[in-house]
């Protein structure tokens, strides 16, 4: 990750104390990282629903919301929280798509193949979110790894740095979590 940890931690502390300039500097310094994470996540896991800018902007609103900065401890905590915010944005977007699909907005649309794939993706995101919530109860580390990798778009090395564990520990947690999620999502 390109953003240095020490200046970011200092900006977090100043922003939490109410320094508006620090808040703006914090957002400016973390924005490229958030865009990179969002772009990587969106390119890897879906086509045609949200663009990178929409995902980053919605996640940023949640991330930099009222009293949210006071809870952020350091750069790694900020990145992990950003991944969680992106997850919630994608899940909320999928829920809106599902609601609309079931008559929530009652608009007549011509259906084409690309729209069908987006709806299928919405179902998959919702199923993944439910399974991930269950995973958190039995394997906190696996939950964190999946959230950072799938929703945050982080690499194995970045996750290891954020969670302060080895690459091999991340890989093991990723394999175990993937197996669990696969069995949860594919079982009737």
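Starting from the Cα gyration tensor of the stretch 137-188, multiply each eigenvalue by 5, take the square root, and state the resulting semi-axes largest first in whole Å.
20, 11, 9
What's the extension gain from residue 127 to residue 27 if we count 0.36 nm per residue and subtract their Cα-Cα distance?
Separation in residues times 0.36 nm, less the Cα-Cα distance, equals 32.8 nm.
No lab work stands behind these numbers, since they all come straight from the coordinates. Quick caveat, the model's predicted, so the values are computed rather than measured.
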